Amino acid sequence: MDWINIEKLRKYSAQESYKNQFYIRVERLIEYLQESTLINNILEEEHLFYPKYLWQEDNDLELYFFTKEHIVLCSLDSNQKLFIIKRFTRDISKIEITNYDANHRDIQLIITFVNKDEIILQSNDTNEHWKFKYFKKIQELYNFIN
């Protein structure tokens with residue numbers, strides 16, 4: 001199963017950005033990340049990449065990078081400005097798998113932090129064609145950070 005990485009996503013969005021506003025935003029987000037060098041240290045570490053809302057053009061893409069020590073969220077705000085949130089895995093108070101249904105490829109991962117903030121990832125964070133890949137990736141993430 002071939003999972004997308006940030007470079008593949010950059011190339012695809014560059015091809016599609018001339019005809020679609022969603023991919024213009026994706027391309028801009030990745031360019032900002034590359035130009036800023038703010039997450040270069042994360043990219044150099046062993047990490048898992050999770051693009052939330054990939055192929056869902058009605059949502060704003062959120063790029064998650066999971067390392068053994070950090071969870072980093074990168075996105076654009078409503079003014080097209082880059083924002084990055086870096087959390088420490090040591091601040092996780094609970095990790096849950098819910099809504100697990102292997103037959104329908106449904107799964108939800110809830111990461112709760114000590115301050116009660118949550119990250120919720122689910123196999124529906126993409127389109128139907130990628131749902132199985134997300135189903136598997138969420139299980140991999142659970143094992144990686146657990």
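Values in this text are rule-based calculations from the coordinates and carry no lab data. Worth saying up front: this structure is predicted, and the values here are computed from it rather than measured. Cβ placement follows ideal geometry from the backbone for every residue including glycine, while neighbour counts extend to all protein chains displayed.
Here the alpha carbons of segment 49-146 define both size measures, Rg and Dmax, at 13.5, 40 Å. When each of Lys137, Lys86 is scored by the number of other beta-carbon atoms lying within 10 Å, the sequence from fewest to most is Lys86, Lys137. When Lys and Arg each count +1 and Asp and Glu each count -1, what net charge do the other residues less than 12 Å away from Phe135, Cβ to Cβ, add up to? With Lys, Arg at +1 and Asp, Glu at -1, the neighbours total 0.
Counting neighbouring beta carbons within 10 Å and listing from fewest to most, the residues Arg25, Arg90 come out as Arg90, Arg25.
Using only alpha carbons, build the gyration tensor for segment 8-55 and give me the equivalent ellipsoid semi-axes, biggest first, whole Å.
21, 12, 8
Would any residue of segment 114-129 have its amide N under 20 Å from a label point 7 Å out along Cα→Cβ of Trp3? List them or say none. Correct set: 119-129. Comparing mean-square fluctuations of Val72, Val26, Val114 from a GNM of the chain with C-alpha springs under 10 Å, the top value falls on Val114.
Normalised size of segment 63-114, defined as Cα radius of gyration per 2.2 N^0.38 Å with N residues, equals 1.43. Only lysine pairs 8 or more places apart, or on different chains, with alpha-carbon atoms under 15 angstrom apart are counted in segment 6-145, and they number 7. Based on DSSP H segments of at least four residues, each scored -39500 (n - 2.57), the chain has a per-residue ellipticity at 222 nm of -10000 deg cm²/dmol. This ranking places Asp60, Asp2, Asp101, Asp125 by how few other beta-carbon atoms lie within 10 Å of each, fewest first, which gives Asp2, Asp101, Asp60, Asp125. Computed from phi, the 3J(HN,Hα) profile of segment 29-34 under the Karplus parametrisation 6.51, -1.76, 1.60 (θ = phi - 60°) reads 4, 5, 4, 4, 5, 5 Hz, with x in place of Gly and Pro. Computed about the Cα centre, the dipole magnitude for the chain is approximately 60 debye when only Lys and Arg (+1) and Asp and Glu (-1) carry charge, each at its Cβ.
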